[in-house]
1. When the residues of region 33-67 are filtered to those that are among the polar types (S, T, N, Q) and assigned to a helix (DSSP H, G or I), which remaining residue is nearest to the chain's Cα centre (by Cα)?
2. Select from region 53-64 the residues that are farther than 20 Å from residue 135 by Cβ and not polar (S, T, N, Q) and write down the one among them that is most open to solvent (accessible area, probe 1.4 Å).
3. For region 65-83, enumerate the residues that are touching a helix residue (DSSP H, G or I) at 6+ places or on another chain (Cβ under 9 Å) and within 22 Å of residue 135 (Cβ to Cβ).
4. How many residues are touching a residue at least 40 places away in the same chain (Cβ under 8 Å) and either more than 27 Å from residue 34 (Cβ to Cβ) or not hydroxyl-bearing (Ser, Thr, Tyr) (or both) if we restrict to region 71-127?
5. From 21, 14, which residue is farther than 30 Å from residue 88 by Cβ, part of a helix (DSSP H, G or I), out of contact with any Lys or Arg (no Cβ under 7 Å at 6 or more places or on another chain) and open to solvent by less than 90 Å² (accessible area, probe 1.4 Å)?
6. Is region 34-43 home to any residue that is surrounded by 10 or more Cβ atoms within 10 Å (Cβ to Cβ), more than 25 Å from residue 123 (Cβ to Cβ) and either polar (S, T, N, Q) or in contact with a Pro (Cβ under 8 Å, 6 or more places away or on another chain) (or both)?
7. Would you check which residues across region 65-118 are β-branched (Val, Ile, Thr) and open to solvent by less than 70 Å² (accessible area, probe 1.4 Å) and list them?
Amino acid sequence: MNFLYDFLIEFVAAFLGFLFAIVFSGINAKYEARKKLKLIINGIKNELQDIHDSLNEYIDNKVIMKHRIAIPTWDSLQFAGGVLDLLEKPYYDDLLTVYSEIKIFNEERFSMRDKEIMNELESIVKNSQTVLNAIEKENANG
């Protein structure tokens, strides 16, 4: 009888331990996914804020910018597939729009006239502000 009791105790302990491991791994995976998403959003936010601020200086000073707009965070997210983590965000379409505009500007900036460059820069600034506002709104809501 003592053997059966010991066996049941060990069986229940092993079962509970296994159950705890499964539950903990699920909780840990959700935590890691949230942490990764937060890092991605902060990287995008910082990159867009820098682009927004620097382009505003060009626009305010009416300086025609011909150099490439660097977007290393976005490029690395595209390469690694991190952009897919943002699919559920309400500002995803606006994010794609602003980065598409930047990529088009980077490719066509030498063939554009000065007026077209200024219009494109203003559009990038406007759309980046839309995304930044949406990120701030989401952060404020939790």
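1. Our first condition is that a residue be among the polar types (S, T, N, Q); within region 33-67, this holds for 42, 46, 49, 54, 56, 61.
Of the ones still in play, those that are also assigned to a helix (DSSP H, G or I) are 42, 46, 49, 54, 56.
Details: 42: 7, 46: 10, 49: 13, 54: 20, 56: 22 Å.
Across region 33-67, the extreme among qualifying residues is 42.
2. Going residue by residue through region 53-64, those that are farther than 20 Å from residue 135 by Cβ are 57-64.
Adding the requirement that they be not polar (S, T, N, Q) leaves 57-60, 62-64.
Numbers: 57: 118, 58: 59, 59: 27, 60: 111, 62: 159, 63: 64, 64: 59 Å².
Going through the qualifying residues, I end up with 62.
3. Applying the first criterion (touching a helix residue (DSSP H, G or I) at 6+ places or on another chain (Cβ under 9 Å)) to region 65-83 yields 65-66, 68-74, 76-78, 82-83.
Once the filter is applied, which keeps residues that are touching a helix residue (DSSP H, G or I) at 6+ places or on another chain (Cβ under 9 Å) and within 22 Å of residue 135 (Cβ to Cβ), region 65-83 yields 69, 70, 71, 72, 73, 74, 76, 77, 78, 82, 83.
4. Going residue by residue through region 71-127, those that are touching a residue at least 40 places away in the same chain (Cβ under 8 Å) are 82, 85-86, 89-91, 94-95, 98, 102, 109-110, 114, 117-118, 121-122, 124-125.
Within this subset, residues satisfying the condition of being either more than 27 Å from residue 34 (Cβ to Cβ) or not hydroxyl-bearing (Ser, Thr, Tyr) (or both) are 82, 85-86, 89-90, 94-95, 98, 102, 109-110, 114, 117-118, 121-122, 124-125.
So the count comes out to 18.
5. On the way: 21 fails: farther than 30 Å from residue 88 by Cβ.
Checking each option against the conditions leaves just 14.
6. No, that holds for no residue.
7. The initial filter retains those residues of region 65-118 that are β-branched (Val, Ile, Thr), namely 69, 71, 73, 83, 97-98, 102, 104, 117.
Once the filter is applied, which keeps residues that are β-branched (Val, Ile, Thr) and open to solvent by less than 70 Å² (accessible area, probe 1.4 Å), region 65-118 yields 69, 71, 73, 83, 97, 98, 102, 117.
So that you can scan it fast, the table gives a plain yes or no per residue for (1) hydroxyl-bearing (Ser, Thr, Tyr); (2) within 19 Å of residue 57 (Cα to Cα); (3) in a helix (DSSP H, G or I):
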residue	(1), (2), (3)
79	no, no, yes
83	no, no, yes
98	no, yes, yes
111	yes, no, no
126	no, yes, yes
132	no, yes, yes
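The values are calculated or read from the model by the stated rules, or taken from the named source; none is laboratory data. The structure presented is a predicted model; accordingly, all values stated were derived computationally and were not measured. Neighbour counts run over all protein chains shown; Cβ positions are idealised from the backbone, glycine included. Areas reflect the complete protein model, heavy atoms only, side chains present, ligands, DNA and RNA absent. Shrake-Rupley method; radii C 1.70, N 1.55, O 1.52, S 1.80 Å.
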